[in-house]
């Protein structure tokens, strides 16, 4: 998987940037918050999240780890895809969104275009226990178990398994008391699916 790209921003729009490195241009989808921190013809590093499907290969870029973590949490929710997550992160910063989630303020989330009442409530309900702040910092944290689950589910979905079926198996594996790596969870899940 691609982790990051460092290069010169050849083109910058509110929704994507073209980052050129070693003669190769990467089309990277970005949020408005990331766009505001970038400048054309400057060198930058974007953290990446890639989504590979049979008909597309998309890269999503983030200026910092907080935004990428929040993006990954958002797309783990049923009904919220990558583009919807990007719209959410264009309207609210990761820390504003985490604050709204922790305080149960679904009305603030509902002000985002395309997010209805039910989706906003589901977002708050499912992410309330998954987001928090590191003490004394504005860094968004998610528990190791949640990160492990998200990465394991992502790997299984990329391998072609249905998200709901994979999630049940991953949850069962994670309830076992043994500590696992993503690779261990995926190997165990492949044996049980």
Residue check: is residue 100 surrounded by 15 or more Cβ atoms within 10 Å (Cβ to Cβ), in a helix (DSSP H, G or I) and out of contact with any strand residue (DSSP E or B) (no Cβ under 6 Å at 6 or more places or on another chain)? yes
Of the residues 137, 151, which is over 30 Å from residue 187 (Cβ atoms) and either out of contact with any helix residue (DSSP H, G or I) (no Cβ under 9 Å at 6 or more places or on another chain) or modelled with pLDDT under 90 (or both)? 137
Is the stretch 16-26 home to any residue that is surrounded by 13 or more Cβ atoms within 10 Å (Cβ to Cβ) and closer than 30 Å to residue 170 by Cβ? no
Only one of these is closer than 30 Å to residue 129 by Cα, touching a helix residue (DSSP H, G or I) at 6+ places or on another chain (Cβ under 7 Å), touching a residue at least 24 places away in the same chain (Cβ under 8 Å) and not assigned by TED's automatic domain parsing to the domain that holds residue 151: 77, 30. Name it. 77
Go through (1) out of contact with any helix residue (DSSP H, G or I) (no Cβ under 7 Å at 6 or more places or on another chain); (2) loosely packed, with under 13 Cβ neighbours inside 10 Å; (3) within 22 Å of residue 15 (Cβ to Cβ) and name the single condition residue 119 misses. (2)
The correct count of residues that are within 16 Å of residue 71 (Cα to Cα) and in a helix (DSSP H, G or I) in the stretch 103-133 is 8
Report, by residue number, each residue of the stretch 156-181 that is assigned to a helix (DSSP H, G or I) and either at pLDDT below 80 or surrounded by fewer than 16 Cβ atoms within 10 Å (Cβ to Cβ) (or both). 157, 158, 163, 164, 165, 168, 171, 172, 174, 175
Report yes if residue 86 is at pLDDT 90 or above, within 13 Å of the chain's Cα centre (by Cα), more than 21 Å from residue 164 (Cβ to Cβ) and crowded, with 16+ Cβ neighbours inside 10 Å, otherwise no. yes
Of the conditions (1) buried (at least 18 other Cβ atoms within 10 Å of the Cβ); (2) closer than 27 Å to residue 129 by Cβ, the single one that residue 93 does not satisfy is (1)
Which residues, counting only those in the stretch 7-27, are under 26 Å from residue 155 (Cβ atoms) and in contact (Cβ under 8 Å) with a residue 40 or more places away in the chain? 19
Can you report the number of residues in the stretch 39-80 which are within 21 Å of residue 164 (Cβ to Cβ), exposed (fewer than 14 other Cβ atoms within 10 Å of the Cβ) and touching a strand residue (DSSP E or B) at 6+ places or on another chain (Cβ under 9 Å)? 1
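The values are calculated or read from the model by the stated rules, or taken from the named source; none is laboratory data. Just so we're clear, the structure is a prediction, and the values are computed from it rather than from any experiment. All Cβ positions, glycine included, derive from the backbone under ideal geometry; neighbour counts span all protein chains shown.
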